[in-house]
1. Using 7 Å Cα-to-Cβ label points, what is the VAL25/ASP57 separation (nm, one decimal)?
2. Where does the charge balance sit around VAL73 when Lys and Arg score +1, Asp and Glu -1, over other residues with C-beta under 12 Å from its C-beta?
3. Local charge sum around MET48 (other residues, Cβ-Cβ under 13 Å, Lys/Arg +1, Asp/Glu -1)?
4. Per q in 0.21, 0.24, 0.25 1/Å, what log10 I(q)/I(0) does a Debye calculation on the alpha-carbon atoms of the stretch 27-100 return?
5. Exactly which chymotrypsin sites (Phe, Trp or Tyr not before Pro) in the stretch 52-106 are in a DSSP loop and have at most 16 other Cβ atoms within 10 Å?
Amino acid sequence: MKSTPIILMLTTTLVASQAFAQAAVPNPAEQGRDLYETNCLTCHGPDMINPGTVSYDLRKFPADAKARFVNSVVNGKGQGMPAWRGVVTPPEVDQLWAYVLTRGKL
Ligand code: HEC
């Protein structure tokens with residue numbers, strides 16, 4: 001088995017470069033969490049945990065209702081939920097959505 005060290009070396013290089021690639025490409029849910037902490041946490045609570053009485057409990061937001069999420073975030077809702085149009089960009093709304101789908105477990 002003379003070739004074993006070479007294979008090991010190649011494998012190590014491959015694993016290392018994959019780890020680097022993962023670190024270099026930002027995770028949308030992590031970006032969403034940062035946006036959440038800046039803009040939403042005050043009302044919706046840390047890790048999306050709040051009493052769910054006045055501010056909507058985002059951990060329970062239906063996972064198949066992305067269009068409703070985008071609409072409520074961009075245009076606001078009711079008396080208490082501000083409109084975020086012009087504050088967060090459409091790609092950032094996608095990142096917030098990716099974070100909401102983690103249910104605060106990120
Ligand atoms: C000033 C307090 C406040 C802030 C800040 C806030 N929200 Fe809300 N949010 C509310 C309240 C209150 C409701 C409940 C509105 C209603 O149903 O009348 C709500 C509801 C929602 C809903 C549910 C809407 C629906 O379709 O039922 C979503 C989604 C949401 N917020 C996302 C966000 C996101 C994302 C952010 C940050 C960009 C954010 N909110 C920031 C107060 C806030």
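All of the numbers you see were taken from the coordinates with simple rules; none came from a lab. Since this is a predicted model, take the numbers as computed values, not measurements. Heads up, the Cβs are rebuilt from the backbone with ideal geometry, glycines too, and the neighbour counts pull from every protein chain shown.
1. It works out to 3.5 nm between the two label points.
2. +2
3. Neighbour charge sum, excluding MET48 itself: +2.
4. Per q value, in the given order, log10 I(q)/I(0) is -0.92, -1.27, -1.39.
5. Listed in order of number, the matching sites amount to none.
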